[in-house]
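K.L.:
To start, I am sharing the structure in question, which I have written as structure tokens.
The values are calculated or read from the model by the stated rules, or taken from the named source; none is laboratory data. Please read these numbers as outputs of a predicted model, since none were measured by experiment. Neighbour counts run over all protein chains shown; Cβ positions are idealised from the backbone, glycine included. With ligands, DNA and RNA removed, areas are computed over all heavy atoms of the protein, side chains included. Shrake-Rupley method; radii C 1.70, N 1.55, O 1.52, S 1.80 Å.
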Amino acid sequence: MRAIEGEAVVRYTDAAGLPDALSGADILFVYDFLSTAVPGAWHAADRLRWLHIASAGVDPVLFPGLRESDVVLTNSRGVFDDAIAEYVLGVILAFAKGFARSLDLQRQSRWLHRESERVAGREVLVVGTGPIGRAIARLLRAAGMRVSGAGRRARTGDPDFGVVYGTDELPGCLSAADYVVAVAPLTEQTKGMFDAAAFAAMKSSARFVNVGRGELVVTSDLVAALGEGSIAGAALDVFETEPLPPESPLWTMENVLVSPHMSGDFIGWRNTLVEVFRENFIRWRAGEPLHNVVDKQLGYVPSPEVRTG
């Protein structure tokens, strides 16, 4: 905060001290994006005008009190797009080229020749067509994959996805995908969207990748689908319960790749998050429109209309 131009009274606090720090505050910067402390301290927000969260997802702070208030909500959209896209390409290559199996055999000093899959020409469905979904689509297309999207509004001629299916069409388009990538924001409409019916609609050879929110998935249904062979594998960076409990069967399944909510966390990401807030703070002090303003009813920053055709 010392780099911010102009005078500002800055208070640093943890969850326990949040009510006291909120009293009289104009701005709240939620740096701990996993914190659930804001709803319980909301009664003390007597003059708050702007809340910024250091993440793309805003579900930890999007409670009724904030929705119904005049407080402007902004997020850190744009920081993690390319890093998450690289993660998705990485896990797809790991599946196709059998890297996990190669490491196991290396540790055993075993020379076992195998064939691997091509990724070029494979069908990918990206569920969630915001900036992260678009970055994923562009990178996978560059690798020769055929990518379509699923979002709120169906359309053709999209520059990144080609075809975008409406979420009501999801059961039908899941069946064509070799890889299904979940990156949708968490809303009442998307919570639990990947359930037993969704996994049953996929190919038995399909792999599922979740870099969105853990709550998009009914975990017990995913475990069952993996165990029964209804789908071939999953790469999971987010979970309904984090950290993932030690007793979860996902840890030991041979067809599962687990990472600890780190797909977007490149070296230097924390400084970048602070810089995003700093730039918006300068705009706020100057009376200029803020970047990344969240539609509190939708639960995310609306994307500008994409030209098609």
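K.L.:
Restricting to segment 34-67, give me the number of residues that are under 13 Å from G299 (Cα atoms) and of a type in the set (D, E, K, R).
P.N.:
The number of residues fulfilling the criteria is 2.
Rundown of residues vs (1) of a type in the set (G, A, S); (2) more than 22 Å from D81 (Cα to Cα), yes/no style:
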{"site": "W111", "(1), (2)": "no, yes"}
{"site": "E115", "(1), (2)": "no, yes"}
{"site": "E123", "(1), (2)": "no, no"}
{"site": "A135", "(1), (2)": "yes, no"}
{"site": "R138", "(1), (2)": "no, no"}
{"site": "A150", "(1), (2)": "yes, no"}
{"site": "R155", "(1), (2)": "no, yes"}
{"site": "E169", "(1), (2)": "no, yes"}
{"site": "V181", "(1), (2)": "no, no"}
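K.L.:
Another question about this same structure. Select from segment 94-109 the residues that are small (G, A, S), in a helix (DSSP H, G or I) and open to solvent by 70 Å² or more (accessible area, probe 1.4 Å) and list them in ascending order.
P.N.:
None - no residue of segment 94-109 is small (G, A, S), in a helix (DSSP H, G or I) and open to solvent by 70 Å² or more (accessible area, probe 1.4 Å), so the list stays empty.
K.L.:
Right, V58: open to solvent by less than 20 Å² (accessible area, probe 1.4 Å) and farther than 19 Å from V10 by Cβ or not? First the steps, then the outcome.
P.N.:
Details: open to solvent by less than 20 Å² (accessible area, probe 1.4 Å): yes; farther than 19 Å from V10 by Cβ: yes.
So V58 passes the test.
K.L.:
Wholly within segment 195-309, which helices (runs of 4 or more DSSP H) include no fewer than the required count, namely at least 1 residues that are of a type outside the set (A, V, I, L, M) and open to solvent by 60 Å² or more (accessible area, probe 1.4 Å)?
P.N.:
Counting at least 1 such residues, we get 219-228, 269-285.
K.L.:
Given the criteria within 23 Å of V301 (Cβ to Cβ) and acidic (D, E), does D158 qualify?
P.N.:
Details: within 23 Å of V301 (Cβ to Cβ): yes; acidic (D, E): yes.
Against the criterion (within 23 Å of V301 (Cβ to Cβ) and acidic (D, E)), D158 qualifies.
K.L.:
Follow-up. Would segment 29-46 turn up any residue that is among the polar types (S, T, N, Q), surrounded by 14 or more Cβ atoms within 10 Å (Cβ to Cβ) and either under 25 Å from T272 (Cβ atoms) or in contact with a strand residue (DSSP E or B) (Cβ under 6 Å, 6 or more places away or on another chain) (or both)? Spell out how you get there, then give the answer.
P.N.:
Keep residues of segment 29-46 that are among the polar types (S, T, N, Q), which gives 35-36.
Imposing the further condition that a residue be surrounded by 14 or more Cβ atoms within 10 Å (Cβ to Cβ) reduces the set to 35.
Of the ones still in play, those that are also either under 25 Å from T272 (Cβ atoms) or in contact with a strand residue (DSSP E or B) (Cβ under 6 Å, 6 or more places away or on another chain) (or both) are 35.
Yes: one or more hits.
K.L.:
Moving on. From V91, V79, grab the single residue that is closer than 13 Å to V181 by Cα, surrounded by 14 or more Cβ atoms within 10 Å (Cβ to Cβ) and under 24 Å from the mean Cα position of the chain (by Cα). First the steps, then the outcome.
P.N.:
Working: V79 fails: closer than 13 Å to V181 by Cα.
Answer to the selection: V91.
K.L.:
Looking only at segment 131-171, count how many residues are of a type outside the set (G, A, S), open to solvent by less than 40 Å² (accessible area, probe 1.4 Å) and not in a strand (DSSP E or B).
P.N.:
Final tally of qualifying residues: 9.
K.L.:
Out of (1) surrounded by 15 or more Cβ atoms within 10 Å (Cβ to Cβ); (2) hydrophobic (A, V, I, L, M, F, W, C); (3) free of Cβ contacts under 8 Å to residues at least 60 places away in the same chain, the odd one out for L112 is which?
P.N.:
Among (1) surrounded by 15 or more Cβ atoms within 10 Å (Cβ to Cβ); (2) hydrophobic (A, V, I, L, M, F, W, C); (3) free of Cβ contacts under 8 Å to residues at least 60 places away in the same chain, L112 violates only (1).
K.L.:
Within segment 30-48, is even one residue aliphatic (A, V, I, L, M) and at pLDDT below 95?
P.N.:
First, pick out the residues of segment 30-48 that are aliphatic (A, V, I, L, M): 30, 34, 37-38, 41, 44-45, 48.
Narrowing the set further to residues that are at pLDDT below 95 leaves 34.
So far as segment 30-48 goes, yes, one or more of its residues are aliphatic (A, V, I, L, M) and at pLDDT below 95.
K.L.:
So K97 clears everything in (1) of a type outside the set (A, V, I, L, M, F, W, C); (2) in contact (Cβ under 8 Å) with a residue 12 or more places away in the chain; (3) closer than 21 Å to T190 by Cα except one condition, right? Which one?
P.N.:
All conditions are met except number (3).
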